[in-house]
Amino acid sequence: MNVNQVSVVPNDDSVEVIENRSLLYDGEDGKRKGNGLSTAYKLAALFCVLVSAAVATVLVVMYPHSQGGPAVNEACSAEIVESIPFNTTGLASGALSTYDAFMTLIDNAQESIDLTALYWTLDSPARNAAKNCTDYYSPDCPDDAHFNKTQLEALGVYQGHNVFVALKRAASRGIKIRIVQSPGLGNGFEEPEALQALSDKVQIRTMDFSKWYRSGIMHAKVWVVDGKHGYVGSANMDWRSLTQTRETGVFIHSCEPVIRDMANIFDSFWEFASLEGHAAEMTRNIIDPHLQIKRIVPCWSHLIDEDKRCKHPFTMFEARTMPVKLNGLSSNVRLSLSPPEICGRDRVTDGNMLVETIESASSNGFVYVSVMDFQPVTRFLCREGVTCPPYEQFYWPSLLHALLGAATGKGADVRLLVSKWWYDSEDAQDVLQKYLEYADIVCNSNASEFRAPCKGSFEVRLIEIPGWYSVQGPDRLYAGHSRVSHSKFIVSDKLVNIGTSNMEWSYFHSTAGVSFNSDNQAMIDQVKHMFELAWNHPNYTHPIWW
């Protein structure tokens, strides 16, 4: 097993990007002609149709969100989208930009836009440039303060401005907009409140996960437009997510079963957010049976003995694998979700789905992971400013063990690409270095006449976006919290997972996250190609011990 040297995967075929986005809302009017059947036959057929419609109506009333059985030849379209940081080369895969996806969704909306947001800084530079910051390292100093107009334009702030203006246009023309957001991050509520001032059809709910878990945030990035089109990915409501960070997402259009389930997920967040005022009486102190630490969790949590749980207070929608014809290929799609207390029947939790994606690799296949943070130990058990027990850091090896298992047990080529940026965790990189040494010992040092070395490989690299070291101080070249690979995806030779969560325990147990998962071969090939562009970059990527 080689833990140092990169092996070349011989497939650089680009995948054709879906065009004709102007056809998103085109419909078909099909008219059937008469066939000369007898009047009696027509009446009998009409009776059957009416009875069937009545039964269907009853079923819809009883089970309005049920996904029913498998779709048959359900024609769907989806494409990978990406954000590439300005002033970089060699990372763009040719995919549609996140900016173009967002603008298409907003400007073509006819009835409704539902979205989740961690924070809002789409249009902030116009306000922050005038603020007089004396301490650039203070959290009170806006990330994009003290850049002049020319500098801001060069950084690409106009893209965030355009998205925000498009949302304002949508609100002004009467589009119903629902937003579920985290409290008080970024610029607080300035931008969503500006939308709300334009129309009484703009509704906002704030969800503070720390009231339910003492930690956690609304970290999902989900859009649902007109119940027909949507987005899942890593991009925040932030101009930097469009022009200063590397992001990956999925733009889904005219795919009824998948969008319906995305709408179900949004509705779960929407209902959960309505309970925030009751969190104090609806949480319980428990000893986590897996971690053996004291935690608070919602009173309906699976971690509480069944006879002691409270009744679930909102709808948790069932979810099964959706067979669809995706971009012309017979495929399966699943949406996974966190935290577990918001998952309905048959829905795979987000953390388990990531493990399943890793374990899906075939013998001598591959698993490629791109993520901002990868930590097999906890960082965010408690949010700053929240009263918490004196937590000990604990070990959370699920994803790391799955990666090691794929490399050692299946002979897969396993590659983990983690970001190096201003705010990263050095201790996490130290742990990963130790695991590289451990993998080498297990697979090479223990080889003997009785057991050959492992056939697979486990490699870790860091990706550095140029300028990451110049995001603080009076002479900084870039805004704070930028110049980072913020993508979160896993691709194996069997599955692709594109999500919203960093790979640390709290993101899967006390934070809202969503992943799009599919076995669609064209999407697998495209994401593999995107990964390889970054992994093999001669200037931005290097081994972790470099």
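Values quoted throughout were computed directly from the atomic coordinates according to the rules given, and no laboratory measurement underlies them. In this text the structure is predicted, and so the values were computed from the model without any measurement. Virtual Cβ from ideal backbone geometry, glycine too; neighbours counted across all protein chains shown.
Computed over neighbours whose Cβ is under 11 Å from that of K221, the net charge equals -1, Lys and Arg +1, Asp and Glu -1. Electrostatic tally near F164: other residues with Cβ closer than 11 Å to its Cβ, Lys and Arg +1, Asp and Glu -1, net -2. As a quick test, which of the pairs K176/K488; K168/K228; K228/K325 have an alpha carbon distance above 27 angstrom in this structure? The answer is K176/K488. Each part reduced to its alpha carbon centroid, segment 350-369 and segment 316-340 end up 17 Å apart.
Shown in residue order for segment 293-308 are the 3J(HN,Hα) couplings computed by the Karplus curve 6.51 cos²θ - 1.76 cosθ + 1.60 at θ = phi - 60°: 10, 6, 9, 10, 9, x, 5, 9, 4, 5, 6, 9, 3, 4, 6, 10 Hz (x for Gly and Pro). Using the Cβ-Cβ distance between S330 and A92 with R0 set to 25 Å, the FRET efficiency works out to roughly 0.25.
Label segment 176-269 by shape, choosing from rounded, prolate and oblate, from the square roots a ≥ b ≥ c of the eigenvalues of the Cα gyration tensor; if a/c is under 1.5 it is rounded, and otherwise prolate applies when a/b is larger than b/c, oblate when it is not. Cα axes put segment 176-269 in the rounded bin. Cβ crowding within 10 Å, taken as a proxy for footprinting-reagent exposure, orders E111, E82, E74 from fewest neighbours to most as E111, E74, E82. Counting 0.36 nm for each residue step from N364 to E153 and taking away their Cα separation leaves a gain of 71.2 nm.
Phi angles of segment 514-525 translate, via the Karplus equation with coefficients 6.51, -1.76, 1.60 and θ = phi - 60°, into HN-Hα couplings of 9, 10, 9, 9, 7, 9, 4, 5, 5, 5, 4, 4 Hz per residue; Gly and Pro are given as x. Evaluate E = 1/(1 + (r/R0)^6) for E193 and A280, where r is the Cβ-Cβ distance and R0 equals 25 Å; express this FRET efficiency to the nearest 0.05. Efficiency, from the Cβ-Cβ distance: 0.40. Net charge of the neighbourhood of K176, taken over other residues with C-beta under 9 Å away and scored Lys/Arg +1, Asp/Glu -1, is 0. A cut-off of 5 Å between modelled amide H atoms, ignoring neighbours fewer than 5 places along the same chain, links R284 with V297, C299.
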